[in-house]
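Down below is the structure, laid out as structure tokens.
The values are calculated or read from the model by the stated rules, or taken from the named source; none is laboratory data. Not measured: the values here are computed from a predicted model. Cβ placement follows ideal geometry from the backbone for every residue including glycine, while neighbour counts extend to all protein chains displayed.
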């Protein structure tokens, strides 16, 4: 299988590329996502996407600027705690074959790992929503391809409010609930301000420390609040699914909008048609221009469809590969400089995101900020999270009824 690829990706060391048994040089990329614990499902999905990109790039001839060098992933488990994430990053930084590190899905893990990679001056490519990933003074080796929490609030509301209004649903009162992690809290803060600026009352604001032990009290507050919509900002599938199930059990039939990949994983299909209408704002989802690529990716990774996680892994490898092509050498600092100056206008990385350009700002955050709203719908009889926003990138029409 050969997907539309930008160039080859693999992780190489700060020195010369290693060599495979057949004499082909290899570049090594560190992959540190959670492969055990509560976030393992997501971490393994990102890893699957990254490996698919490596396979495609290698099959397409590798990194041309490095004489066809192949990419290779050096995989470690980021676990579920900051300490585990630090240990995994430390292993990769001290592996002189590794030219860059990708990780770590959850913002608290990414923030911890990036402290290690920055001290080691190793490029770190992340999907964290936390603003702090790219606003720390003197950090020069961090690159983040997800929009920051401070900008997601307006992006999310812009993706939801107009289509709800078209469906005759006015968001006058909302419940704003979520966990208290490093990614969720800034976004919840930002949403509260953005909602108030739009004249929308935050009737309920509640947060919890994951894992959520019992959602019944929280759901009772939502029920009593007589809200028009629920904004559910948390990143553990078990937490959010338990809340959604109780909302449905109590007959609370209002739109539920999440943020993040946990809102579009296949486990939601267990709800059957009760999943229809559930929505999540994510940095990407299959788009009209990427459906061939994402269909092939689904086949390669053995899943019924791909979502943000696999696409993000594929994207991260494609970006590193593009940096290696521009750098022309498998060297950490040269790659870092190339990523700083990256300006992609075509190829897999561009096709996979709702934008026509891939570049990073001075802090290392992808610019401009973007995202899509995916909604669970039946498409050709198959229950999938289908892109409904931006309108020009929509695969399905919104259905809030």
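A compact table of results
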| item | result |
| --- | --- |
| The one condition in (1) without any contact (Cβ under 8 Å) to a residue 12 or more places away in the chain; (2) in contact with a strand residue (DSSP E or B) (Cβ under 9 Å, 6 or more places away or on another chain) that residue 116 fails to fulfil | (1) |
| Residue, modelled with the highest pLDDT, within the stretch 130-148, restricted to residues that are more than 17 Å from residue 281 (Cβ to Cβ) and assigned to a helix (DSSP H, G or I) | 133 |
| Residue 263 vs. criteria outside the structural domain of residue 128 (by TED's automatic domain parsing) and either assigned to a loop (DSSP other than H, G, I, E, B) or touching a strand residue (DSSP E or B) at 6+ places or on another chain (Cβ under 9 Å) (or both) | yes |
| Search result, residues across the stretch 149-195 that are part of a loop (DSSP other than H, G, I, E, B), touching a residue at least 40 places away in the same chain (Cβ under 8 Å), surrounded by fewer than 24 Cβ atoms within 10 Å (Cβ to Cβ) and within 20 Å of the chain's Cα centre (by Cα) | 181, 182 |
| Matching helices (runs of 4 or more DSSP H) fully within the stretch 300-401 where at least 2 residues are closer than 19 Å to residue 46 by Cα and touching a strand residue (DSSP E or B) at 6+ places or on another chain (Cβ under 6 Å) | 308-327, 348-351 |
| Only one of 274, 270, 291, 299 that is surrounded by fewer than 18 Cβ atoms within 10 Å (Cβ to Cβ), farther than 16 Å from residue 358 by Cβ and free of Cβ contacts under 8 Å to residues at least 24 places away in the same chain | 270 |
| Any hit, the stretch 226-234, residues being closer than 30 Å to residue 314 by Cα and surrounded by fewer than 19 Cβ atoms within 10 Å (Cβ to Cβ) | no |
| Matching entry among 217, 313, 260 (being buried (at least 21 other Cβ atoms within 10 Å of the Cβ) and under 30 Å from residue 199 (Cβ atoms)) | 260 |
| Residue within the stretch 370-377 that is closer than 27 Å to residue 254 by Cβ, surrounded by fewer than 17 Cβ atoms within 10 Å (Cβ to Cβ) and outside the structural domain of residue 57 (by TED's automatic domain parsing) present | no |
| Residue in the stretch 342-355 that is within 29 Å of residue 166 (Cβ to Cβ) and surrounded by fewer than 16 Cβ atoms within 10 Å (Cβ to Cβ) present | no |
| Matching residues in the stretch 211-253 - criterion: being more than 18 Å from residue 270 (Cβ to Cβ), in contact with a helix residue (DSSP H, G or I) (Cβ under 9 Å, 6 or more places away or on another chain) and in contact (Cβ under 8 Å) with a residue 40 or more places away in the chain | 211, 218, 222, 228, 229, 230, 231, 233, 234, 235 |
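The rows are residues; the columns are (1) touching a residue at least 60 places away in the same chain (Cβ under 8 Å); (2) assigned by TED's automatic domain parsing to the domain that holds residue 71; (3) closer than 22 Å to residue 371 by Cα; (4) surrounded by fewer than 17 Cβ atoms within 10 Å (Cβ to Cβ).
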| site | (1), (2), (3), (4) |
| --- | --- |
| 318 | yes, yes, yes, no |
| 321 | yes, yes, no, no |
| 327 | yes, yes, no, no |
| 335 | yes, yes, no, no |
| 359 | no, no, yes, yes |
